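One structure is given below, encoded as structure tokens.
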Amino acid sequence: MNTNTEYRTAERTDLPDAGKIKEYIEKFCGENNNRPDIPEIRVFEETGSTNDLAKEFYKEDNGKELIIIAGSQTKGKGRRGRKFYSPDKTGLYISFLLHPELDHTKSILLTCMMAVAACRAIEQVTKVCAGIKWVNDIFCNEKKVAGILAEGSASFEDGKFSYIVIGTGINLFMPDAGFPDEIRDTAGSVLNTDFNNDTRNELYAALIYRFFELYRNIKDLSFKDEYKKRSVLIGNYVKINNYSAANENNCAKVIDIDDECRLIVRYDNGKTEALSSGEVSVVKY
Ligand code: BTN
């Protein structure tokens, strides 16, 4: 372990609790008569980024699956080099270190799997409806409440993952100081009620349970239908931010999400394009 890594193990009482999370998982297993194999869960009071910490643990023991949870993150990372605001008490910050038998070009599948798991978990615990904004954002009440960041490394020889870390951040409650200016208009929290530590533990458990229920049957790709049904983009006009197509404008209508989880868009000139990465924002007319 790199001794420069900054993290503290859990001691405070308002922190996520591995014991309680496991109890909730047991309850869900019983209720659903399904017991997916769940990796070890390690909880930390604070870290830079749970994704980075998971990668550190990979260096230590490179065959092991692991779940890393932190009470807060000082350097929470989002996609495209953005920060993920990660204050204590109100959010969930969790990373899964995995070693799937999967070609690295298929990493989008795991992001989509996690998005479906996150929606199911949110709805199960809070009864608030959740939708997916392709690829990796979860929306409740038209605000982004969660994001997913997958990072990995693959072997040159066979293209398979040596590891992949899938990190998820969920704003469960409204942070005491609200959201920072740069995300104030777009970010929201799943619940408006006051902080409650047990709801947070229950949601951690539901997310872990719902993800491993899908991941342990990785060959069953039926979750993709649910991913598509939960899309908040299909039928809407979007602005494509990493615009690459040979079209004079970068606005298009989203018409589908295909089997490879690509976003299918149609421009006004009738041309269609399959987007496999990048970002889009909904255009309001
Ligand atoms: C995004 O919205 O662009 C993705 C956000 C992903 C945030 C989670 S929080 C847990 C894990 N650790 C990180 O540093 N990032 C992810």
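Can you pull out the strands (runs of 3 or more DSSP E) entirely within segment 20-117 that have at least 3 residues that are surrounded by 23 or more Cβ atoms within 10 Å (Cβ to Cβ)?
Output list reads 66-73, 91-98.
Annotation note: Cβ proximity below 6 Å between a residue of segment 66-92 that is without any contact (Cβ under 8 Å) to a residue 24 or more places away in the chain and a residue that is within 10 Å of the ligand (Cβ to nearest atom) and charged (D, E, K, R) (sequence gap 6+ or interchain) occurs for no pair. Taken residue by residue, segment 34-46 has at least one member that is over 23 Å from Ala206 (Cβ atoms) and touching a residue at least 12 places away in the same chain (Cβ under 8 Å).
A single entry from Ile122, Ile67, Ile170 fulfils the requirement of being near the ligand (Cβ under 10 Å from one of its atoms), at pLDDT 95 or above and β-branched (Val, Ile, Thr): Ile170. Total residues in segment 229-240 satisfying the condition of being under 18 Å from the mean Cα position of the chain (by Cα) and either of a type in the set (A, V, I, L, M, F, W, C) or surrounded by fewer than 17 Cβ atoms within 10 Å (Cβ to Cβ) (or both): the figure is 3. Taking (1) at positive phi; (2) within 12 Å of the ligand (Cβ to nearest atom) in turn, Gly78 satisfies each apart from (1). Candidates in segment 134-163 are the residues that are in contact with a helix residue (DSSP H, G or I) (Cβ under 9 Å, 6 or more places away or on another chain), within 13 Å of the ligand (Cβ to nearest atom) and touching a residue at least 60 places away in the same chain (Cβ under 8 Å); of these, the one that is farthest from His99 (Cα to Cα) is Trp134. For segment 167-194, a tally of residues being of a type outside the set (Asp, Glu) and either farther than 23 Å from Lys83 by Cα or out of contact with any Leu (no Cβ under 9 Å at 6 or more places or on another chain) (or both) returns 12. Here Lys127 meets the list (1) within 15 Å of the ligand (Cβ to nearest atom); (2) among the basic types (Lys, Arg); (3) without any contact (Cβ under 8 Å) to a residue 12 or more places away in the chain almost entirely, failing just condition (1).
The values are calculated or read from the model by the stated rules, or taken from the named source; none is laboratory data. Note that the structure is a prediction, hence the values are computed from the model and not measured. When we count neighbours, we look across all protein chains shown, and the Cβ atoms used for this are built from the backbone with ideal geometry, even at glycine.
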